[in-house]
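So the structure is just underneath, and the comments pick up after that.
Please treat every number below as a calculation from the coordinates, not as lab data. Note that the structure is a prediction, hence the values are computed from the model and not measured. Cβ placement follows ideal geometry from the backbone for every residue including glycine, while neighbour counts extend to all protein chains displayed.
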Amino acid sequence: MSTQLLADYPQLSQLSREDLEDLLTDPRYFDAVFHSLPQVKALYQAQAELGSANEAIAKNTLTLQEPLFKLRADTQAAFEEAKQLEARWKELEREQREVYQRFTPQFLLMRLKHATTAQDELSEALASSFVHGTSPDAGSANAANGKDVDDFVKEFKELRKTYHKRVIWGDRWSSGQVS
């Protein structure tokens, strides 16, 4: 027998030549001797310990499975809510820009100019209707008495006063005196 084999398996040195030959020819005898070797017993013991450890890890993993699924579902729901809130945020920003657009200096100046023009047209329409003797709203003939003239003057004066205020504000704005 090889010295290396006997060094690795000293139990075999106690076997006779016949036992060694039987070992090679009889599989059951080989298995019995093989499984009685301390190295094999140690391997089986290590394998059993690893199996037990693996089983304990698997049981622990299974106990964590349900909370993990719940956490995953909660995370998914939170993610979807965050996406919805992000979309809502963008919508609100767009709406805010639209609202603020109506209050930008350029837009307000444009509204002032349009209101000034409309005020001028309104006062001129009132004067024209008075001169032609018709009501600006109903188109009926005016009675030419003092009360109608006083009413016309009072109303025309208020319309022109508003018009001139708007012209002054527009001029100041255009010259940079309004911030």
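Where does helix 27-36 land angle-wise versus the long Cα axis of the chain, in degrees 0 to 90, nearest 10?
Here the helix axis deviates by roughly 70 degrees.
Using Cβ counts within 10 Å as a stand-in for footprinting exposure, how do Tyr29, Tyr100, Tyr163 rank, fewest first?
Final ranking by Cβ density, sparse to dense: Tyr100, Tyr29, Tyr163.
Starting from 0.36 nm per residue, how many nanometres of slack lie between Lys83 and Thr117 once their C-alpha separation is accounted for?
7.5 nm
Please enumerate, by chain and number, the lysines with C-alpha under 28 Å from the C-alpha of Lys70, excluding those fewer than 8 residues away in the same chain.
Lys70 reaches Lys59, Lys83.
Between Gln4 and Glu98, what is the label-to-label distance in nm when each label sits 7 Å out along the Cα-to-Cβ direction?
8.7
What is the sum of charges around Thr116, taking Lys and Arg as +1, Asp and Glu as -1, for the other residues whose C-beta is under 13 Å from the C-beta of Thr116?
Every neighbour counted, the sum reads +3.
List the residues, sorted by chain then number, that are 5 or more residues from Thr134 or on another chain and whose placed amide H is less than 5 Å from its amide H.
Here the answer is Asn142, since their amide H atoms fall under 5 Å of that of Thr134.
Given Cβ point charges of +1 (Lys, Arg) and -1 (Asp, Glu) and nothing else, what value in debye, to the nearest 20, does the dipole of the chain about its Cα centre take?
The dipole of the chain has a size of about 1660 debye.
When the Karplus curve 6.51 cos²θ - 1.76 cosθ + 1.60 is applied with θ = phi - 60°, which whole-Hz ³J(HN,Hα) does each residue of region 50-56 get, with x for Gly and Pro?
5, x, 5, 4, 5, 5, 5
Below 8 Å between Cα atoms, with a sequence gap of 6+, how large is the relative contact order for the chain in percent?
Taking the mean separation of contacting Cα pairs over the length of the chain, I get 13 percent.
Work out the length of the dipole vector of region 1-55 about its Cα centre, built from +1 on the beta-carbon of each Lys and Arg and -1 on the beta-carbon of each Asp and Glu, and round it to the nearest 20 debye.
120
Running a GNM on the chain with Cα contacts under 10 Å, which residue among Phe152, Phe79, Phe107 ends up with the highest mean-square fluctuation?
Answer for the Gaussian network model of the chain: Phe152.
Near Ala32, within a Cβ-to-Cβ distance under 14 Å, what is the net charge of the other residues, with Lys and Arg +1 and Asp and Glu -1?
Counting the neighbours of Ala32, the net charge comes to -2.
Multiply the residue separation of Ile57 and Gln45 by 0.36 nm, subtract the distance between their alpha-carbon atoms, and state the gained length in nm to one decimal.
Using 0.36 nm per residue and subtracting the Cα-Cα distance, I get 2.5 nm.
For every other residue with a beta carbon closer than 12 angstrom to the beta carbon of Ala77, add +1 if it is Lys or Arg and -1 if Asp or Glu, then tell me the sum.
That sum, taken over residues with Cβ under 12 Å, equals 0.
Computed from the coordinates I sent, Rg and Dmax of the Cα atoms in Å equals one of (i) 15.0, 52; (ii) 32.3, 126; (iii) 52.1, 153. Tell me the label.
Derived directly from the coordinates: (iii).
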